[in-house]
Amino acid sequence: MSAKKPTVAVYKFSSCDGCQLSILNMEDELLELAEVVDIAYFLEATRAQKPGPYDLALVEGSITTPHEIEKIKQVRSQAKTVIALGTCATSGGIQALRNFASAEEYAKTVYPSPEYLQYLDSATPISEHIQVDLELWGCPVNKKQMAEVIVALLNNRKPNLPPYSVCLECKRRLTVCVLVDRDIPCLGPVTQAGCSAICPAMGRGCYGCFGPARESNIESLMAVLKEKERYPGEIMRLFRGISGYSPAFKDAAESLSGEKVTA
């Protein structure tokens, strides 16, 4: 009798679905994974829904509504291992821009009947509501890193993820530094590698979608960026972008703006 395959469930919360599409774009790797795991729940890919509990839950998106708080707790109770997938799930993503303003004011401006909306004042990462076993950053996630994480878990080993910043990826691509050569503000020196330095290769600065790099010197970069600021508030807004609610980038933006965010 063959051994039972580990069961995998994929869930979506508030997001653009980009990280789920990254899983589907794994193509050949996904076909190989399907031979060794049982994809029990993945509405983006199949209508089949097998009941839990599951060995692994991949969760994309941030928590933005009361219903999502209840749902993520249910996911945690049904999964042996939970991976927060992508920058929305790890730091709130684009939705977390509401944390720096008034969600109520946005609702009144956009919707004719905001009283029917059910939303939280802040958009928060998965880890603020449940215990997360591993976080994989990216907007969207790198499909090769995704495959590495799943294979590592199946083999009971630590995933081999890059411990360096986007700058090293630029050097490997022979991309001229946009910060030094063109005075373009760039978060590459303090951003975790994983995107293959797409933006600097296209002549624009990195905006930190893979989150803060480990042991990076953000204060030193802030001093350099302030000298290259092209308009008031540019550097503060750069840190307050896709990964802006991550603690390191949030603290940097607060020190630049002089405003403390309590959301």
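The values are calculated or read from the model by the stated rules, or taken from the named source; none is laboratory data. All values derive from a computational prediction rather than experimental measurement. No Cβ is skipped: glycine too gets one built from the backbone with ideal geometry, and neighbour counts run over all protein chains shown.
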Here is a list of conditions, (1) surrounded by fewer than 19 Cβ atoms within 10 Å (Cβ to Cβ); (2) within 22 Å of C16 (Cα to Cα); (3) in contact with a Lys or Arg (Cβ under 9 Å, 6 or more places away or on another chain); (4) of a type in the set (A, V, I, L, M), and A147 meets all of them except one; can you say which number that is? (3)
Is there a residue in segment 16-28 that is over 17 Å from the mean Cα position of the chain (by Cα) and closer than 28 Å to Y119 by Cβ? no
One residue from K12, K73 being more than 18 Å from the chain's Cα centre (by Cα) and not acidic (D, E): K73
Among (1) part of a loop (DSSP other than H, G, I, E, B); (2) under 24 Å from S62 (Cα atoms), the one test that E229 misses: (2)
Only listed residue being in a loop (DSSP other than H, G, I, E, B) and closer than 16 Å to K143 by Cβ, chosen from A45, A34: A45
Residues of segment 73-96 that turn out to be surrounded by fewer than 24 Cβ atoms within 10 Å (Cβ to Cβ), in a helix (DSSP H, G or I) and either in contact with a Ser or Thr (Cβ under 8 Å, 6 or more places away or on another chain) or not small (G, A, S) (or both), as a count: 7
Can you give me the number of residues within segment 196-210 that are farther than 16 Å from P185 by Cα and not polar (S, T, N, Q)? 1
Within segment 155-185, track down each residue that is assigned to a loop (DSSP other than H, G, I, E, B), of a type in the set (A, V, I, L, M, F, W, C) and either more than 18 Å from T87 (Cα to Cα) or assigned by TED's automatic domain parsing to the domain that holds P140 (or both). L174, V176, C177, I184
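One line per residue, one yes/no per condition, for (1) under 15 Å from S14 (Cβ atoms); (2) out of contact with any strand residue (DSSP E or B) (no Cβ under 8 Å at 6 or more places or on another chain):
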| residue | (1), (2) |
| --- | --- |
| P53 | no, no |
| E68 | yes, no |
| S77 | no, yes |
| P114 | no, yes |
| Q118 | yes, yes |
| D121 | yes, yes |
Members of segment 107-132 that are surrounded by 14 or more Cβ atoms within 10 Å (Cβ to Cβ) and either under 30 Å from A193 (Cα atoms) or of a type in the set (V, I, T) (or both): S122, A123, T124, P125, I126, S127, E128, H129, I130, V132
Cβ contacts < 7 Å: first residue charged (D, E, K, R), restricted to segment 212-235; second residue surrounded by 11 or more Cβ atoms within 10 Å (Cβ to Cβ) and in a helix (DSSP H, G or I), any location; separation 6+ or different chain. Result? K226/I235; E229/I235
Could you tell me which residue of segment 6-31 is modelled with the lowest pLDDT, considering only residues that are over 17 Å from C88 (Cβ atoms) and in a loop (DSSP other than H, G, I, E, B)? E27
Selected residue [closer than 13 Å to V132 by Cα and in contact with a Pro (Cβ under 9 Å, 6 or more places away or on another chain)] from A96, A79, A40: A79
